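Following: one structure in structure tokens, then a few remarks.
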Amino acid sequence: MSRPTTTKRAAAVTASAVTALALLAPAAQAARPEPTLRSQTPVDLKIGSAVWGQRDLLGFDQKNLTEFQSILASEFDSLTPENDMKWQEIHPEEGVYDFSGADAVVEFAQANGQEVRGHTLLWHSQNADWVVEASATWTCEEARDVLEEHITTVVGRYAGEIYEWDVANEIFQDEWDNGGVRLRTEANPFLKACAEDPVALIGDAFRWAHAADPEAVLFLNDYNAEGINTKTDAYYALAQELLADGVPLHGFGAQGHLSLQYGFDTSIQANFERFAALGLKVAVTEADVRMPLGEDGEPTEEQIALQAERFDAMLEACLNVAACTSFTVWGFDDARSWVPGVFPEGYATIMTEDFEKKPSYDALLESLTDATPGKSPRTPPGLNR
Ligand code: XIL
């Protein structure tokens, strides 16, 4: 007796379920979040962007993020303070630290489940005026004391909160500089004061950073350091020397500031492989691809396509080397890119000023998607996200 009723009810339930599904389907589809770089990145890689905390994150409201901030949160899982941890900003006067910008980056990252790459401790550029002035009369001992105090304070403040640190940045000159590829014992005030044995100072910078945060992965970092060339040969020799000395050096970063004016050295993967063979991690730390623009300020179709190829070539090299831990773009939108302020070039990032995704963005998204664990050589088969 109950059968027909049950059947009818079942039919009714089925019918209403179908109706509900039919009604829900478009909405559910619309609600399904679009893939982002972050959602497609293999578990053993971080996808990052530089961000200037002092300019773009100060006083951020997690419940009411700006469009820029919400893209930063949804597209990336690693943030590099673009300027906030440089001497000029974080240590503007002797004995005076200003952590406001750096704190904003770390707090934003933590609020959004992201990690932070520290940048940078020993560099010839963006040093505070007081450093430049004082260094004129420094002995090596004085330079060492100042650097040790700085590294201990800054790395110590964020201990446990920073997964990778660019300890030494751009410490080699270029081939075209006076004297060719050699340690920057003139432009870098610390290396200058310790020019008799700059390698000892570099090694100690890593030791001080390691003592302040034993968990952080400590990097050498430079531009024009993608392919195998005289500069990366010098880094390779230095890395061997430091490692032989027991220095806690853990990584080598290629900044990845490319310009379409120049060719692209496809030996980046081979270069990464040789550093990885030393037991080091590698990373693309500051990727952007700038180009000379026409009078209208616009790139050509060819330039747009070539930019996507170059971004993708750097990412592919990183994906293909298991030791590559992070791929970071140096800002993601043209409005905030450092390029137009420094070079007569532009269009260097993966999104336009209005956050429109460029083919470069699509190329990165596609390669990350293809490398998803299970398909990627980076991760053992069967490892799920
Ligand atoms: C740049 C910043 O993006 C600019 O805002 C700043 O005015 C100059 O420095 N290599 C590096 C980065 O290691 O720190 C530089 O960042 C770009 C080149």
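The values are calculated or read from the model by the stated rules, or taken from the named source; none is laboratory data. Predicted, not measured: the structure shown is a model, and the values here were computed from it. Every residue, glycine among them, receives a Cβ derived from its backbone with ideal geometry; neighbour counts consider all protein chains shown. These area figures cover heavy atoms from the full protein model, side chains too; ligands, DNA and RNA do not enter into them. Shrake-Rupley method; radii C 1.70, N 1.55, O 1.52, S 1.80 Å.
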Residue within region 161-172 that is surrounded by fewer than 18 Cβ atoms within 10 Å (Cβ to Cβ) and farther than 24 Å from residue 225 by Cβ present: yes
Hits in region 340-364 - residues which are open to solvent by 50 Å² or more (accessible area, probe 1.4 Å), in contact with a strand residue (DSSP E or B) (Cβ under 8 Å, 6 or more places away or on another chain), away from the ligand (no atom under 16 Å from the Cβ) and outside any loop (DSSP other than H, G, I, E, B): 357
Candidates 99, 60, 108, 68 - the one that is within 16 Å of the ligand (Cβ to nearest atom), of a type outside the set (Asp, Glu) and modelled with pLDDT of 95 or more: 68
Pair list, Cβ under 6 Å, 6 or more apart: region 52-78 residue farther than 20 Å from residue 36 by Cα and touching a residue at least 12 places away in the same chain (Cβ under 8 Å), other residue of a type in the set (D, E, K, R) and within 16 Å of the ligand (Cβ to nearest atom): 52/82; 53/84; 54/84
Within region 30-57, considering residues that are hydroxyl-bearing (Ser, Thr, Tyr) and surrounded by fewer than 19 Cβ atoms within 10 Å (Cβ to Cβ), the one farthest from the ligand (Cβ to nearest atom): 39
Any pair with Cβ under 7 angstrom, 6 or more apart, that starts in region 196-224 at a residue that is more than 21 Å from residue 325 (Cα to Cα) and ends at one that is basic (Lys, Arg) and at pLDDT 95 or above: 201/144; 204/144
Filter result (within 16 Å of the ligand (Cβ to nearest atom) and either open to solvent by 10 Å² or more (accessible area, probe 1.4 Å) or part of a helix (DSSP H, G or I) (or both)) within region 296-329: 314
Of all residues making up region 95-152, the number that are part of a helix (DSSP H, G or I), open to solvent by 40 Å² or more (accessible area, probe 1.4 Å) and either of a type in the set (Asp, Glu) or in contact (Cβ under 8 Å) with a residue 60 or more places away in the chain (or both): 11
Count of residues meeting criterion [within 30 Å of residue 361 (Cβ to Cβ), of a type in the set (S, T, N, Q) and open to solvent by 20 Å² or more (accessible area, probe 1.4 Å)] in region 74-94: 1
Condition met for residue 229 (within 16 Å of the ligand (Cβ to nearest atom) and open to solvent by 10 Å² or more (accessible area, probe 1.4 Å)): no
Residue identified as within 29 Å of residue 236 (Cβ to Cβ), open to solvent by 10 Å² or more (accessible area, probe 1.4 Å) and among the acidic types (Asp, Glu) among 265, 334: 265
Residue among 239, 234, 211, 205 that is in a helix (DSSP H, G or I) and surrounded by fewer than 19 Cβ atoms within 10 Å (Cβ to Cβ): 211
